[in-house]
Structures are given as C-alpha cells and as structure tokens.
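Student: The following block contains the structure, expressed as structure tokens.
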Amino acid sequence: MISCRAPGKLFIAGEYAVVAPGHLAVLAAVDRYATATVTEAPGPGITLRTDLHGGLTLTCTRIGDRLSPATGDRDPGAAVPAAFSYVFAVASVLDRLCRERGIAVRPYFLDVTADLGDADGRKYGLGSSAAVTVAAVAALGRFHGLALTTMDRYRLAMLATIQVNPRASGGDVAASTWGGWLVYGSPDRGAVAAVVEAGGLEAALRAPWPGLAVRPLPAPDAIALHVGWTGEPASTPALVAGLGAKSAADHDRSVFRTESDACVGRLGAAIAADDAVAASAEIDRARVLLQTLDDAEGLGIMTPRLRALCAAGAAVGAAAKPSGAGGGDCGIALLDRTHTAAGTALTDHWVAAGIRPLPLRVHPAEGGIA
C-alpha cells in the first residue's frame, strides 16, 4: 500500500492574470490535504474510489490503448462521472506514461480522500481538485516505480488537469506540488498539448514549457496570514469562463495583466524580504485591481460577504482581498505578526459579518508531497 498526500492552496495575488500564459501569481500551500492510496488489486482491472461525494466507486477497463469507464457495451467514448474526472484523468495519464516506458500496469485500487471542505461537504475553495490530482500522481508514480521528480509530478498533474479544464492556470497544482510560498507563471497550454500530440508524454516531461515559472519563496516570519471563509462555494471555471466570453475588453485586460504582474513581482520581493508593510501594500493594490476588473466586466468576483471581509480588514489595519476567482469561497488578510490585538479584532469583525475564520497554516516547502 502506498499513500501520498498533497496540500491545498490559497491564491495570495495574481488571480485572473495568471490564466494567461506567462503571467504571474503568488500562492501559498495550506495544511488541509487530499490523500491518495494505491493498493495492488488481486484481479484484473483498475478501480477508483473516492469519499469526496459520499463514497463512490468507478471500475475502469482498457479498450485498445486507452482507459475507459467499464460499461456493458465497452464504449470507448463512455462518459466519466464528474466525481471522478480528475482522478480518472490521472489514471489515464500515468497509464499512458507506463506504456511509453514499456512498463506493465499492474491492477490496482486507488482511493482518494480529502479534508479541504466543511463537514457538510461545501468546499472552502482551497484547491481540492488540484490536491487530489497531485496526490494521485505521486501515489501512482511510486506504485509504478516511475522515479518522478518534483517537476515531473507537476507536469503530469497539469496534463491531467487540462484534460478536464483546459483553461486552468495550474497555480493550484504548483502549490500542491511544491508546498510553501511561491511565485508561479502559467504555461502555454496549447503549446504543451502540441508537444504531447507530436512526441507523447515523455517528450512533454523533457521539453521546455513556454511561460512556465516556479520560484519558491522563503517563509516569512513577520507576516501573519489570516483566512476567512464566506460560506458560499464558488466555481472557478465558471468565473474564468466569464472573463473569456467578453472580447471587447482585450486591451484593458492587457493593462490589467501588466499591472498585476508588477504587483506580484513587488509582493514576491516583499515576502522574500519578510517586509509586512510592503507586502500589505501590494495586497491592497491586488484587491483594487480585482475590483476594477470586476467593475469593468461584471464577473461577480466581489460578493457582499467578500466586500465585508475586505472592509473588516481595513477597519483593523489589515490588507485584505478575495483569494482565487472570488464569487464566494475564501478571502485573506495580511498583518504584521506582532499586531496581535488587530488579529483578534479582525476575527471578531469577520464573525460579526458572517465570515468564518479558518485556522490554516502554510504547509512548508521542500515539496508539497508527504
């Protein structure tokens, strides 16, 4: 039996800009996890199991050179149940890599669990799909003896992710893979897909990925990260799709991305320097950029509760903003760690506004996988 876990994530700054190849975001991995466990099966076939939707099982079969959900008519185009979309994509990617390397795939059970949401099943917005994907890649990589590097795990998890969501930036995948704080630049997913099409997965593991950048940051001591949950789950793919649906604002988006990249660059430098004042100033700038984008394109980033979360931060001298695509989920606030009274006041303001403080800590770097 092989078990691997991967942490969830928080976007600190750079949301929406990072969706475009080569543009940047700052993220932090957090101490909530997805766990993937692989056990050799006694008989033929591959079985995927998840407790993320109340406990479900999917049996897979091989039709030609492809994995497929097992159906009575052995339809190679059979739909994958949504609950298994990312896990099945991982199984398919790792299956193909084994075939490319001439490795026989042994039958197995793959079980996936996670603690990235509330007890009632609502997600916090901590990147559960990415954490599941990264954990599953790591576990299956070890099971098949693939000797994957950290970058290999990221690339395979990203290739599985874009099978499900081609617009995904992969920032959450990177945070779950490396852990800690990091500056991330998204790859050109079209160029990556072309490499896979021309040379297979092995080529995609070795070739440059245009736009991809991963720069781990030292963990700051002076900066306290506070996280509040709105209680309103949001769909990142739907919000990002809304951005892609409006072409008239392309020039403004270019300006937004340029200003966001500059903000992310300064924020990364402030975190590396452990400068709470400078980091807070960039969080404020990042919030204003998101508000401006939201006002221009009506994406629904800033919900009433996220506005209340940010206002509560301002009231106690903290810099606060949505984390991720907005529309619900979480927001963050940065404070000088020595300002403990302000931290207590922030918590009180959030609770009064219906925001639940989440007791999260940053999962350390040195690779997110445990």
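Bear in mind that the values in this text are calculations on the coordinates, not laboratory data. Keep in mind it's a predicted model, so treat the numbers as computed, not measured. Heads up, the Cβs are rebuilt from the backbone with ideal geometry, glycines too, and the neighbour counts pull from every protein chain shown.
Student: Which length gain, in nm to one decimal place, applies between A278 and R215 when the Cα-Cα distance is subtracted from 0.36 nm times their residue separation?
Tutor: So the extension gain works out to 20.8 nm.
Student: Can you give the angle from 0 to 90° between the axis of helix 340-352 and the longest principal axis of the chain, with both taken from C-alpha atoms, to the nearest 10?
Tutor: Taking the Cα atoms of the chain, the angle to 340-352 is about 70 degrees.
Student: For A352, project a label point 7 Å along Cα to C-beta. Then give me every residue of segment 315-340 with its amide nitrogen under 17 Å of that point.
Tutor: Counting backbone N atoms under 17 Å from the label point, the list is 315-318.
Student: Once label points are set 7 Å from the Cα along Cα→Cβ at both A296 and T39, what is their separation, rounded to one decimal in nm?
Tutor: My value for the distance between the label points is 5.3 nm.
Student: What do you get for Rg/Rh over segment 1-61 if you use C-alpha atoms and the Kirkwood form of Rh?
Tutor: With Rh from the inverse mean 1/r over Cα pairs, Rg/Rh is 1.16.
Student: Still on this model: Taking a ≥ b ≥ c as the square roots of the eigenvalues of the Cα gyration tensor of segment 134-180, is the shape rounded (a/c under 1.5), prolate (a/b larger than b/c) or oblate?
Tutor: Since a/c reaches 1.5 but b/c is at least a/b, the shape of segment 134-180 is classed as oblate.
Student: Here's another thing I want to ask about it. Decide, for the chain, between rounded, prolate and oblate: order the square roots of the alpha carbon gyration tensor eigenvalues as a ≥ b ≥ c, take rounded if a/c falls under 1.5, and otherwise choose prolate if a/b is larger than b/c, else oblate.
Tutor: The shape class here is prolate.
Student: Now, a different point. Can you check how the C-alpha radius of gyration of segment 220-358 compares to 2.2 N^0.38 Å, as a plain ratio?
Tutor: 1.06
Student: To the nearest 0.05, how large is the calculated FRET efficiency for T150 and T338 if R₀ is 41 Å and r is the Cβ-Cβ distance? Mind showing how you got there, number by number?
Tutor: Numbers: r = 34 Å, r/R0 = 0.84.
Efficiency computed from Cβ-Cβ geometry: 0.75.
Student: When averaged across all projection directions, what area in nm² does the alpha-carbon convex hull of segment 310-370 cover?
Tutor: 5.4 nm²
Student: Just the Cα atoms of segment 2-216, one point each, no solvent: what log10 I(q)/I(0) does Debye give at q = 0.08, 0.11, 0.17 Å⁻¹?
Tutor: These q points yield log10 I(q)/I(0) values of -0.26, -0.49, -1.20.
Student: Take every DSSP beta bridge whose two residues both sit in segment 2-216, then give the antiparallel share in percent to the nearest 5.
Tutor: Just about 90 percent of them are antiparallel.
Student: How do the peptides 167-175, 119-127, 316-324 rank, highest first, by the average count of neighbouring beta carbon atoms within 10 Å per residue?
Tutor: 167-175, 316-324, 119-127
Student: I would also like to ask the following. Only bridges with both residues in the chain count here: give the DSSP antiparallel percent, nearest 5.
Tutor: On the way: 53 of 58 bridges.
The answer is about 90 percent antiparallel.
Student: Sum -39500 (n - 2.57) across every DSSP H segment of at least 4 residues in the chain, then divide by the residue count to get the 222 nm mean residue ellipticity, nearest 500.
Tutor: On the way: 10 runs with 152 residues, N = 370.
One gets -13500 deg cm²/dmol as the mean residue ellipticity at 222 nm.
Student: Hey, could you grab the Kirkwood Rh for segment 143-226? Inverse mean 1/r over distinct alpha carbon pairs, Å, one decimal.
Tutor: Value: 13.9 Å, from the Cα pair sum.
Student: Something else now. Work out from phi, with θ = phi - 60° and the Karplus expression 6.51 cos²θ - 1.76 cosθ + 1.60, the ³J(HN,Hα) of each residue of segment 181-192, listed in order in whole Hz, and give x for Gly and Pro.
Tutor: Going residue by residue, I get 9, 7, 9, 10, x, 7, x, 7, 5, x, 5, 5 Hz, with x marking Gly and Pro.
Student: Using θ = phi - 60° and the Karplus relation 6.51 cos²θ - 1.76 cosθ + 1.60, list the HN-Hα couplings for segment 196-203 in order, rounded to whole Hz, with x at every Gly or Pro.
Tutor: 4, 4, 7, x, x, 5, 4, 5
Student: So how much slack lies between A222 and T57, counting 0.36 nm per residue of separation and subtracting their Cα-Cα distance, in nm?
Tutor: Working: separation 165, 0.36 × 165 = 59.40 nm, distance 4.57 nm.
Extra length available between A222 and T57 comes to 54.8 nm.
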